[in-house]
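K.L.:
This is the structure, below, for whatever I ask next.
All of the numbers you see were taken from the coordinates with simple rules; none came from a lab. Keep in mind it's a predicted model, so treat the numbers as computed, not measured. Counting neighbours? That spans all protein chains shown, and the Cβs are built from the backbone with ideal geometry, glycine included.
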Amino acid sequence: MIAVLFGPPGAGKGTQAVALAELLGVPHVATGDIFRRHLKGGTALGQRARAYMDAGQLVPVELVWDLVAARLEEPDCLAGVLFDGFPRSIRQAELLVEWLGQRGRTVAHVISLELADEVIVRRLAGRRVCLTCGASYHVDVNAPADGRCLACGGEIVQREDDREDVVRARLLTYHRETAPVLAYFSALGVVRPVDGDRPIQEVTLAIRAAVSGS
Ligand code: AP5
């Protein structure tokens with residue numbers, strides 16, 4: 001099962017991905033998390049990605065696709081994958097669909113989390129993430145008072161690209177380059193729209209219903 005959690009920055013993709021990956025029985029592959037691990041590790045790839053991420057732009061497609069193609073070849077991905085933050089351009093979508101087609105496979109679900117830009121700006125200003133495991137919290141919803149991750153005890157911080165100016169740049173990039181991907185997948189009949197502007201548990205239930213067809 002190949003599924004995609006799709007939506008603008010701050011839509012709740014990372015928040016919903018853990019439960020959905022468990023439900024589908026496939027690994028969660030988030031390209032943003034992979035780039036942040038490279039940044040933290042000081043790798044050459046991380047150095048190249050940094051300028052794009054800091055400016056709220058897409059990392060060039062060749063860097064993204066090499067990572068994704070290598071990940072898809074790993075044994076735990078043979079039965080499927082839940083993508084989060086990929087594909088986010090028409091070219092990335094074409095590369096994925098071509099790669100799958102050569103293996104007789106298709107994308108089963110594109111779960112599209114929908115919400116307004118102003119909700120996103122508020123959400124991302126209050127987001128805090130665990131430096132160790134990447135778990136995501138919000139200061140108004142569920143951030144632990146002691147500043148330590150509920151899952152692993154790691155330190156909780158604000159992401160560098162969650163400053164308002166960078167968030168607005170990410171939104172522009174989303175509308176210009178990523179939103180058209182939805183029309184590409186709509187033509188394949190696999191888009192499942194979900195209202196993302198509801199409490200976390202309600203969104204989780206709506207996603208479950210969308211992928212089970214009820
Ligand atoms: P990436 O890490 O993918 O960032 P993003 O898509 O901008 O998504 P976010 O992680 O910001 O948001 P999310 O939807 O996961 O929301 P979350 O669940 O955390 O990419 C970062 C950068 O890497 C990109 O800008 C680009 O430069 C590069 N990159 C990555 N992939 C790439 C690719 N394929 N190609 C090229 N470049 C790429 O939730 C947000 C907040 O809201 C949290 O605080 C959360 O607690 C809260 N929240 C969640 N759900 C709810 C709810 N229902 N109600 C209230 N609050 C909620």
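K.L.:
Would you mind pulling out the separation of the Cα centroids of the range 97-144 and the range 154-214, in Å?
P.N.:
If you average the Cα positions of each part, the centres end up 6 Å apart.
K.L.:
Starting from 0.36 nm per residue, how many nanometres of slack lie between TRP99 and LEU188 once their C-alpha separation is accounted for? The partial results should precede the final answer.
P.N.:
On the way: separation 89, 0.36 × 89 = 32.04 nm, distance 1.56 nm.
My answer for the length gained is 30.5 nm.
K.L.:
How large, in Å, is the range 76-147 by the Kirkwood hydrodynamic radius built from its alpha-carbon pairs?
P.N.:
Taking every pair of different Cα atoms in the range 76-147, averaging 1/r and inverting gives 15.4 Å.
K.L.:
While we're on this one: Through the Karplus equation 6.51 cos²θ - 1.76 cosθ + 1.60, θ set to phi - 60°, convert the phi angles of the range 187-202 into ³J(HN,Hα) values in whole Hz; use x for Gly and Pro.
P.N.:
5, 8, x, 10, 7, 10, x, 9, 6, x, 9, 9, x, 3, 5, 5
K.L.:
In Å and whole numbers, how far do the C-alpha atoms of the range 4-107 stretch along each principal axis, longest first?
P.N.:
Principal axes ranked by extent give 36, 29, 25 Å for the Cα atoms.
K.L.:
Express in nm, to one decimal, how much length is gained between ALA79 and ARG91 on full extension, taking 0.36 nm for each residue of separation and deducting their alpha carbon distance. Could you put the intermediate results ahead of the total?
P.N.:
Values: separation 12, 0.36 × 12 = 4.32 nm, distance 2.41 nm.
Between ALA79 and ARG91, full extension yields an extra 1.9 nm.
K.L.:
Further question: Quickly work out the ARG208-to-GLU114 label distance, labels modelled 7 Å from Cα along the C-beta direction, and quote it in nm with one decimal.
P.N.:
About 2.3 nm separates the two model spin labels.
K.L.:
Tell me, what ³J(HN,Hα) does each residue in the range 3-10 have, in order and in whole Hz, if you take phi through Karplus 6.51 cos²θ - 1.76 cosθ + 1.60 with θ = phi - 60° and put x for Gly and Pro?
P.N.:
The phi angles translate into 10, 10, 8, 10, x, x, x, x Hz.
K.L.:
Return the ratio Rg/(2.2 N^0.38 Å) for the chain, where Rg is computed over Cα atoms only. Write out the running numbers ahead of the final one.
P.N.:
Working: Rg = 16.5 Å, N = 214, 2.2 N^0.38 = 16.9 Å.
So the Cα radius of gyration is 0.97 times the expected 2.2 N^0.38 Å.
K.L.:
List every residue whose amide H lies under 5 Å from the amide H of ARG192, counting only residues 5 or more places away in sequence or on a different chain, with H placed 1.01 Å from N in the peptide plane.
P.N.:
VAL110, ILE111, SER112
K.L.:
Taking K and R as +1 and D and E as -1, what net charge do the other residues with C-beta under 15 Å from the C-beta of GLN47 add up to? Don't jump to the answer; show the numbers that get you there.
P.N.:
Working: positive: ARG36, ARG37, LYS40, ARG48, ARG50; negative: ASP54, GLU160.
So the surrounding residues net to +3.
K.L.:
About the Cα centre, and with charges only on the beta carbon of Lys, Arg (+1) and Asp, Glu (-1), how big is the dipole of the chain? Nearest 20 debye, please. Mind showing how you got there, number by number?
P.N.:
On the way: 24 positive and 26 negative charges, 23 e Å.
The dipole of the chain has a size of about 100 debye.
K.L.:
At most 16 other Cβ atoms within 10 Å and a DSSP loop assignment: could you name the GluC sites (Glu not before Pro) in the range 1-97 that fit? All intermediate terms of the calculation are to be shown ahead of the outcome.
P.N.:
Numbers: sites: GLU22, GLU62, GLU73, GLU94; in loops: GLU73.
The qualifying sites are GLU73.
K.L.:
Next question. Around ASP162, with a cut-off of 10 angstrom between Cβ atoms, what is the net charge of the other residues, counting Lys and Arg +1 and Asp and Glu -1?
P.N.:
That sum, taken over residues with Cβ under 10 Å, equals +3.
K.L.:
D for the range 1-64, whole µm²/s, Stokes-Einstein with Kirkwood Rh over alpha-carbon pairs at 37 °C and 0.692 mPa s: what number?
P.N.:
Numbers: Rh = 13.1 Å.
Roughly 251 µm²/s, to the nearest whole number.
K.L.:
Can you tell me what share of the DSSP beta bridges in the chain is antiparallel? A percent to the nearest 5 is fine. Don't skip to the end; give the middle numbers.
P.N.:
Numbers: 6 of 23 bridges.
Within the chain, antiparallel bridges account for around 25 percent of the total.
K.L.:
Long-range amide H contacts for THR43: which residues qualify at under 5 Å (H placed 1.01 Å from N, peptide plane, sequence gap of 5 or more or a different chain)?
P.N.:
none
K.L.:
Out of all DSSP beta bridges with both ends in the range 110-207, state the antiparallel percent to the nearest 5. Write out the running numbers ahead of the final one.
P.N.:
Details: 6 of 11 bridges.
Approximately 55 percent, going by the DSSP bridge assignments.
K.L.:
What is the set of long-range amide H partners of PHE83 at a cut-off below 5 Å, with H atoms built 1.01 Å from backbone N?
P.N.:
Counting only residues 5 or more places away or on other chains, the set is ALA3, VAL4, LEU5, VAL29.
K.L.:
Here's something else I'd like to know. Please give the net charge around ARG105, taking every other residue with its beta carbon less than 14 angstrom from that of ARG105, where Lys and Arg add +1 and Asp and Glu add -1. Write down the numbers at each step before the final one.
P.N.:
Values: positive: ARG103; negative: GLU73, GLU98.
Once all neighbours under 14 Å are counted, the net charge is -1.
K.L.:
Here's a follow-up. Give a residue-ordered list of calculated ³J(HN,Hα) values for the range 38-44 (Karplus: 6.51 cos²θ - 1.76 cosθ + 1.60, θ = phi - 60°; whole Hz; x for Gly, Pro).
P.N.:
The phi angles translate into 5, 4, 5, x, x, 6, 4 Hz.
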